[in-house]
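The values are calculated or read from the model by the stated rules, or taken from the named source; none is laboratory data. Keep in mind that what you see is a predicted model, and the values were worked out from it rather than measured. Methodologically, a virtual Cβ is constructed for each residue, glycine included, from the backbone with ideal geometry; neighbour enumeration extends over all protein chains shown.
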Amino acid sequence: MNNSSLYHEARFWTKKGESILCELCPHACVLHEGQSGLCGVRIHEAGKLRSTVFAYPSAIHADPIEKKPLYHFLPGSSTFSIGTQGCNLSCKFCQNWHLSAQHGHGHEYLPPAAIVKAAKQSGCSSIAFTYNEPIVFAEYALEILEAAEKEKIPCIFVSNGYISDTARETVFGCLKAVNIDLKAFSDPVYKHYTGGTLMPVLDTISWCVDRGIHTEITTLLIPGINDDESSLKKSCDWIVKHCGNDTPLHLSAFHPDYKMTDRPGTSRVILERARRIAHKSGLLYVYVGNYPGFDNNTYCPDCGECVIERNGYQVTIRGEHPHSLPIIRSIP
């Protein structure tokens, strides 16, 4: 903690005269003294950029890793999940707005070493940065990552992927797994409903795949916004081409919330149609979330054998399988 401020000095910024340019995400906020970025948790104070949420988590839980959702990374394990407040997108349909749209911080100071110690004591197999957008608390996540690496605890981001080229390698480089939201395959939809743009997200997804980071993708299907057949086909075709047909895709049902309470929830018909489109595009592992009654088991695409059986968050792994499947069962 910096003695001259209540807040921890941030990374990824440069001075621009009397202002500061935040270089963490594509918004590239230019901040005068006392101003916060669009995320609400990075502030220009006393000539430096500072994080208002460093070491002040607002949510801590031990969760099934399938809840992230990650279905092919340490299946059946628990992950020590932490989040703060703030987000660098402003999604009107946010399902976690009580954290992402808030710009305060938690009440208890928990430095990185304390998080890793608690994760070890909990018996969790990994640490997940989740609930709100972990990019906005990058400094906190990076120091936890460093401490976790010494204890051989893998770390995970559940992220919108909206990060700058400048910061991506540093922030994402030591992660073992990510689930990235691909909110739509349309720049106008991104701009109108999230305040961001599509290309940086695609860049982050393909960057993670190229670096060998285990990558899964989630799309929240919102009726009348991003569920049309053309957009879904383009999205799935892009995933097959740039990530591989064995990349798990999670199609998640929308429930009216936050600034979109006037929208209907996603119907079973929409989810079934989206799943058919994804399979027709060549994706081998397509799962449906936030809606009961779907078969979310993992089957071998070669022989059809059930490899992982899921009943809610109850997971049964059907032993070793002779075919090579993209499932990480343990970390060396």
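A few notes on this one:
- Qualifying residue in region 234-242 (condition: among the small types (Gly, Ala, Ser), crowded, with 16+ Cβ neighbours inside 10 Å and either under 22 Å from the mean Cα position of the chain (by Cα) or closer than 30 Å to ILE153 by Cβ (or both)): yes
- Positions within region 27-36 being surrounded by 17 or more Cβ atoms within 10 Å (Cβ to Cβ) and in a loop (DSSP other than H, G, I, E, B), in sequence order: HIS27, CYS29
- Selection within region 311-332 - charged (D, E, K, R) and touching a strand residue (DSSP E or B) at 6+ places or on another chain (Cβ under 8 Å): ARG318, ARG329
- All conditions but one from (1) out of contact with any Ser or Thr (no Cβ under 8 Å at 6 or more places or on another chain); (2) closer than 23 Å to SER78 by Cβ; (3) in contact (Cβ under 8 Å) with a residue 60 or more places away in the chain apply to ILE327; the one that does not is (1).
- For region 12-22, the count of residues that are among the acidic types (Asp, Glu) and assigned to a strand (DSSP E or B) is zero.
- For region 190-204, a residue qualifies if it is within 21 Å of LEU70 (Cα to Cα) and crowded, with 22+ Cβ neighbours inside 10 Å, and the qualifying residues are VAL201, THR204.
- Residue satisfying all of: in region 146-158; buried (at least 23 other Cβ atoms within 10 Å of the Cβ) and either within 22 Å of ARG42 (Cβ to Cβ) or outside the structural domain of GLU216 (by TED's automatic domain parsing) (or both); nearest to the chain's Cα centre (by Cα) among these: VAL158
- Only one of the numbered conditions (1) of a type in the set (Ser, Thr, Tyr); (2) under 19 Å from CYS87 (Cα atoms); (3) without any contact (Cβ under 8 Å) to a residue 60 or more places away in the chain is not met by SER19, and that is (2).
- Pairs with Cβ under 6 Å, 6+ apart, first in region 132-161 and under 14 Å from THR79 (Cβ atoms), second surrounded by fewer than 23 Cβ atoms within 10 Å (Cβ to Cβ) and of a type in the set (Lys, Arg): PRO154/LYS176
- Against the test of being modelled with pLDDT of 95 or more, assigned to a loop (DSSP other than H, G, I, E, B) and in contact with a strand residue (DSSP E or B) (Cβ under 7 Å, 6 or more places away or on another chain), the options LYS152, LYS183 yield a single qualifying residue, LYS183.
- With a requirement of 2 or more residues that are under 30 Å from TRP207 (Cα atoms) and at pLDDT 95 or above, the strands (runs of 3 or more DSSP E) lying completely within region 242-332 that satisfy it span 249-253, 286-289, 306-311.
- Test: residue in region 101-120 that is under 15 Å from the mean Cα position of the chain (by Cα) and touching a residue at least 12 places away in the same chain (Cβ under 8 Å): no
- Evaluation of SER267 against (1) over 23 Å from the mean Cα position of the chain (by Cα); (2) free of Cβ contacts under 8 Å to residues at least 12 places away in the same chain; (3) in the same structural domain as GLY76 (by TED's automatic domain parsing) (one fails), failing number: (2)
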